[in-house]
Amino acid sequence: MIKTYRYSQGTRVKVKRGRFPMDTALIGRTGLIVATDDYRPQRFGVVLDDETQIRDFHEDELAPLTATGA
């Protein structure tokens, strides 16, 4: 079975509550996917708006932003 990424690098995303515990201050924040991991295809490196560090998120903690920002 070949695993693929749900989102590609460069995708704008919004953080949502997933199955893992997280800082609730992150929920609703937006950012840009800048990294993927070949060994963990469900994990994404995201730089949130107004930050410079890369944060690690599971795919169920992210939702793609549409052209309308939803």
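Throughout, read-outs are computed from the coordinates displayed, never taken from laboratory work. If you're wondering where the values come from, they're calculated on a predicted model, not measured in any experiment.
To one decimal place, what orientation-averaged projected area in nm² is obtained for the convex hull of the Cα set of the chain? Don't skip to the end; give the middle numbers.
On the way: hull surface 20.6 nm².
Hull-based average projected area comes out at 5.1 nm².
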Fluctuation leader among Asp49, Asp37, Asp23 - the chain, Gaussian network, Cα springs under 10 angstrom:
Asp23
Which of Arg55, Arg17, Arg40 ends up with the largest GNM mean-square fluctuation for the chain, with Cα atoms connected below 10 Å?
Arg40
Length gained if Asp49 through Arg29 is fully extended, taking 0.36 nm per residue and subtracting the Cα-Cα distance, is 6.4 nm
Relative contact order of the chain, defined on C-alpha pairs under 8 angstrom at six or more residues apart (%)
34 percent
